[in-house]
1. Across the range A:73-82, in residue order, what do the Karplus-derived ³J(HN,Hα) couplings come to in whole Hz, using 6.51 cos²θ - 1.76 cosθ + 1.60 with θ = phi - 60° and x for Gly and Pro?
2. By the gyration tensor of its Cα atoms, with a ≥ b ≥ c the square roots of the eigenvalues, what is the shape of the range A:423-486: rounded for a/c under 1.5, prolate for a/b over b/c, or oblate?
3. Which value in deg cm²/dmol, rounded to the nearest 500, describes the helix-derived mean residue ellipticity at 222 nm for the protein assembly as shown, given -39,500 (n - 2.57) per DSSP H run of n ≥ 4 and division by the residue count?
4. Measure nothing fancy, just the Cα-based angle from helix A:482-491's long axis to the longest principal axis of chain A, in degrees from 0 to 90, nearest 10.
5. Using only the Cα atoms of the protein assembly as shown, each taken as one equal point scatterer with no solvent, compute I(q) by the Debye sum, divide by I(0), and report log10 of the ratio at q = 0.07 Å⁻¹.
6. Cut-off under 13 Å on the C-alpha distance; same-chain residues fewer than 8 positions from B:LYS287 excluded. Which aspartates and glutamates are left, in chain and number order?
7. In the range C:284-335, what trypsin sites (Lys or Arg not before Pro) fall in a loop by DSSP, with at most 12 other Cβ atoms inside 10 Å?
8. May I ask which of B:LYS64/B:LYS196; B:LYS57/B:LYS90; C:LYS154/C:LYS210; B:LYS17/B:LYS57; A:LYS174/B:LYS399; B:LYS48/B:LYS206 have a Cα-Cα span longer than 23 Å here?
Amino acid sequence: MRLNTRSISLEVKPSHEDKLVRLLVDLRGGRSVGREGEPGHYPDILARLPTCHFLSICMVESSDYDPLLVIEANFDGPEGPFWAQLQAVLGEALREALRCCKRPLDDTAELYDLVTAHRSRRDPAPFLERHVMRPKAFFHGNRGLPRERILAEKALAEAVEQRLHDGGGAWNGKSSEDVRLALRSQLMPRFEWLGQKPAARIPLGESLLDWAKLAAVLFLVLHLALVPGAILAALLGNTALGVLLALVAVPVWLFFTRYRRPAGDVGTSSSNTLLSLARTNAFKIIGALAVLFLLSWPVSASVNLVAKDMAWPEAWQASARQLAWGIVWLVAVLVPAALIWMRYLERHDSSQDGPVTDPVALRQMREMEDWIPQNHMVSVVSLRPQIPRRAMSYIGTPLIHLALRAAVRDGYLGSMRTIHCAQWAFVNNGSRLLFLSNYDLSWESYFDDFIEKAHEGVTAVWCGSVGFPPVTMIIEDGAAHGRAFKNWARHSMSPTRFWVSAYPTLTVDQIERNNRIANGLCAASLPPAAARQWADDL
Amino acid sequence: MGGRPVSDKNLDGSSWKLAKSHAHEVQGMVVSGFSHLPISQTLLLQFKWPGTAHGGKWLQKLEKVAPVTPADGKQDSSVSLGITATGLRKMGVGEEILAGFSQPFREGMFQTDRMRRLNDRVGKDWSECVIKGGPLWSANTPFDHAGDGSGQLANLPRRDSIEVETELTVHAILIIHCKEAPEAAAWAQRTADVLKQCDVDVVRAKETTLGFDGEGMVREHYGFVDGLSQPIPWDEKAVHDAPPEPDPVNGIALGDVLLGHVDGHHEVTKGPLVERQGKGLADPDDKEGLDLLFNGTYLVVRELRQDVAGFWKSAKRIARSMGPDPKTGRPFGEDWVGERVIGRSMAGDVLRPGGVLKRKDPAVPDNDFLYFDDDRAGLGCPLGSHIRRGNPRDGLATKPSQTKSLLASSNRHRIIRRARKFGPYIEDRMVDDGVERGLMFGVINADIERQFEFVQQTWMMSPSFRTLFDETDPLLGPKSHFSMGAEPVRRRVTVHNHTRLAGGDYFFMPSLPAIEWLSRL
Amino acid sequence: MTRTGAPILRNRTGKLKQWVMNRVRAALPGLFAAFRRLWPIAKIGSVHVVTLHDDVREVLLTDKAFKVPYAKKLVVLMEGHEAFIGMQDTDAYRSQLGRLESLARPEDMDWLADATEQRAEAIVAASGGRLEVVDTLFRTVTFDILEDYFGVTKPEIGDMRIWSTRMFEYQFLGSDESLYEEIEWMAPALLRHIEDIIEKRRASGDFSQKDLLGRALALQQQGEKGWDDLFIRTMLSALVIGGPPQPPMVLPQALEQLLRRPDALASAQKAAREPDEALTFGHIFEALRFDPISPILPREATCDCVIAQGTKRSHKVAKGDKVLAAIQSAMSDPRRIPSPGSFIPTRQPHEYLHFGLGLHECFGRHINRAMFPAICAPLLRRKNLRRAKRPAGKLAYEGFFPASLTVVFDKD
Ligand code: HEM
């Protein structure tokens, strides 16, 4: 079952802000029965939302927009049943929350009226569903593990722990495989599923699809990027084209080398990452361009065939030449030119060095944090207005998503693995970027991880946001400015009002550990080395 | 002393020195553990004058009896000074100036959310890691209500208590380092008398010592060699004779221990700029203005009481409960257990599978080791041992490709430890003599949240450190499990708490120019 | 075989008609799936068939616009008096229901379950490994236990099971001439019988709190308002007609569904042996999702109104039109029910509409909740439970009513 990550954002009537906050706070206060203050313990909700991993309901405040009601849900399997379950548990509270929202101006207005009417009994779920957003990018730390499996493997790991404890020194002198086999047979009656082969976390089909999607989008984008060079090649002869290229490329590159370095004291130790990334991956890039050439060939040959009325052999030849020039122009001119444009913007960006976080909001955020090993955050930032920036955000974010989806299979972003479920979505008609995350350990350590282990990616995602610390070449500096980035991020956040986690005591790493233990126990036999490695996790 | 204690290479930080231009401004304690001054007096001060004005006078008096010593060379005695946020306020530092200090410092160690993070108090109860009845002393910083007029905060369902007050209020800490005990005691007395004249009381005084053993090693009360591992600050300009690159294992940015220099996150902390001759903020362009934080740092102090007999008796119980060592057939000793708790042998060498790490220098245990290649699974040095939690080095990596970035990232959370003992060594570690003893644990760091608090919260006290579960630091944490790597499966035992917090807070360690400025308030 | 020998169900449906009815019943899931997809709110003449989960909920929850059509016939059965089953949401309705609800107590459910299980166990144990369940087990136990609980003893002449089953059929299912003829004498007979019981009970001075009648009479004795004989009589009669005929309908259907699914049967048996009462119930309830008490609940529009307003399928209904809320379809609607084709005994309560929803949600739902697992558990615990050889081992119907199903199992 696939883990779905969704959110809903609705504008709140300013007059109803306090009422909504009270409603959400009551929702939490009236339910949490865990450790004092533990926001993650909601037995009734967890039992009645059997597929839910994380659920949050917040009100996002900011000084230049009316507040937003944001509902975040991460759940296994199809959506319809999930919203029905949510309605069954929180229905009347949801209706009341909707009453605090503005009446939409689109074609859901009628439904809004019916759901929020005085003493209405109309189900709120269909209205909510009309406003559900698919995130532009999302990330799952324990990909391919449904909630049921996470909980079952937790129970198993605990049972293993108990057995080992009861066993005392009885294991001395045994081999890891002996221990494993003994545990397996002892636990089999309670965990019958140990007899089955564990389901693949990411089925082959899904993997292939991930790569196919990424390849398709990349092909589309790059293929379009070849067009300018190809058109020039169709118009001019090789010599003329060569001269033109030299005339354009040389100044562009000169300009680029001057411009690419961080300006002023913006630089951090991470400078030159983009270029060195390009350099270390040169073979991959060349390979990709070769594939691009091969794939584009038939396309442009057919275009030549139809548009220019050529014969096949002629068309193949002509298009090969055009494509080759297209690639040369892309690499020699278009990419550096685009980067210069980006650099131009970056050098003129305003970064907010002293963002003010509302002290009352900050106190409330802190108050909700660090009761359990997991935490939650919601942040909304405005997007910078320039066209290439917006284009980067709108196209880049999904592209980053596709790339992460295809390439990251083990939950590691860079070398950090503390994110259970995170998502990015555009709200307020695409003018703001919403970020929701359910992560491990403290907010400080989460952001230190971002800064220390994944700042390039984080910078790429957020560099188009108003006030973000100064960036160089899309991925450099930016989030590497530790405290500036943290201050900026804090100021974009709102207190989490209501938040439920289905496994509040488990970190991403521990879930993976439990999974390794379980998978190991499922095997009928393991070679000694594998068994020893398996035993390391106990 | 012909045979100088070998371990003081690190203690003294003689592996790094500040460049001249900075050395005379920075307090000596930042760069040195004063191994040549093993005896010290730690005085906790409370300002008793009424109101919050003219609070600089005591510093002028102090200058006469116990001037704070800079880091520009070895001296026969040394004085270090730290002031709490409530202390600064009492001295008359304006709120607009205080706003330029870091938040944890302004809020104090016993702010309610902070106590939860440090695991000192969760909800309404003190944790087991705090002495009965709660800590004795702190800065008693009032709770910051964030000027909430909306009532939003007041309406929250509250599950903790926000006002915590300790019996003693501490506004400043003064540490006098000497060679001999009588000298230190007399000097402390003299200082106290002088301070008394300007309404400053010494509310708590402790003789604190390094205490070398016969081999020139510093041993803390449980008997372990301490002070072996320290970070080595590096800065191209501000460090004297800086090597071209930071130390590959222990190198950190100077800005992580000294404010106003480039830190691990590539930033330079700017403090409030004050008028050299006045009391208020200076024009931001004033070339003569003084950056109050520049060349200062933050000092975290935690007075930790140690129940030595409790620790060793419990170690013995654990050793017995494990049965004989399958390799030797002999029972495990309590030393064996204690060594796993720390992660180093009694001699100070880090544990490795089947023994300890071979020394490069036969006189001193190595400290430039890593974990990933040689002891990834913790078969030697347990994954949750005190030194692995305190500084995981590259050991949090799960794949070879991560080791570099994880070492770098764990070095962003390093702290300089300046701990000294109080109370006498115990006669027989198995017999409780009822005497109070422990560690006056001090940490020098520039970003309290990213360094001390991170270490305490995310590494030491986290029940989810790495893939461990339900266990915290076996030396500092509450009663919990403790796993020790072994074949075929790890041994997991229950450890109890024997180290308890008796007081503490966050202090600002001003630069000498800043002290001078403060003295004119 | 019945105790009196007289058949309880009417044998009027011709072979062919019964065959067609059974086929239709079997085809319903597919039909509903097609409707949901192609024609979610179907209008056939003045009848509207509502098949989507959301819309079925909306119809049932909007009781003001869509009223229950039971009042007319009910008045016949009650000799002109109103009973809550057929009423609109008025003060009178709330008062009736409130009084009735005050009689049944949560703590009753425990002993109801115990008594039911004992009775069922005795029957199963006596069967010797071969048992016709519809009548011998389900109907017998239900009537015996509920008569006790209501305080309505068996009549000396006549058979309560026939009376109430017949009246139930008239009220909710058919209305042919011969049925009406029977009703004409049965309805007064039942009322007289209950009046008689009330009279005798009062005379005996036995106001024990064990049964509903005793509790009602005690309240009457204390001078509480609204507890006159007429009210007590009408309520008891409504309970007797509306209640006991239903378990012998649904439980055989549930068992039939389990017998068709060996895995589900095995896990139901495991739950019964555990004994995990809640999980046993979960199996029965889930089995019923595939063949519920009725595929639809009928309603009648009280005004011109709109179903699914504000959506693309917004659908107008004229005053007086019939609206059929297809609960069977709603309980298999994949848009709201996770994996509707799978047998999942641990589903969420809101996924089931067996007891209806909203104003007229089944009064006996708590009683059923207690009794269903208790009746079935003794049988489910038997080893090697399976169908008898056909035809006896196949659930047979008389019209809408399950008539017989024989199972066999190992004698320990
Ligand atoms: C009574 C309390 C304590 C005792 C007895 C104690 C003892 C020790 C010992 C024996 C070592 C090994 C020697 C060395 O590597 O220098 C050590 C290392 C260390 N301790 Fe503690 N300690 C105490 C409290 C703390 C506290 C409160 C913290 C921080 C929150 C802390 C953080 C560290 C760190 C970071 C290391 C260095 C690990 C490394 O760099 O490899 N200790 N401690």
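1. 9, 10, 8, 7, x, x, 6, x, x, 5
2. Oblate shape, in that a/c is at least 1.5 and b/c is the bigger or equal ratio.
3. -12500 deg cm²/dmol
4. In chain A, helix A:482-491 runs at an angle near 70 degrees to the longest axis.
5. Those come out to -0.95, one per q.
6. Candidates past the 8-residue exclusion: B:GLU275.
7. C:LYS312, C:LYS319
8. B:LYS17/B:LYS57; A:LYS174/B:LYS399
Since every read-out is calculated from the coordinates, none of them should be taken as a lab result. Nothing here was measured: the structure is a model prediction, and the numbers come from that model. Positions of Cβ are backbone-derived with ideal geometry, glycine not excepted, and every protein chain shown enters the neighbour counts.
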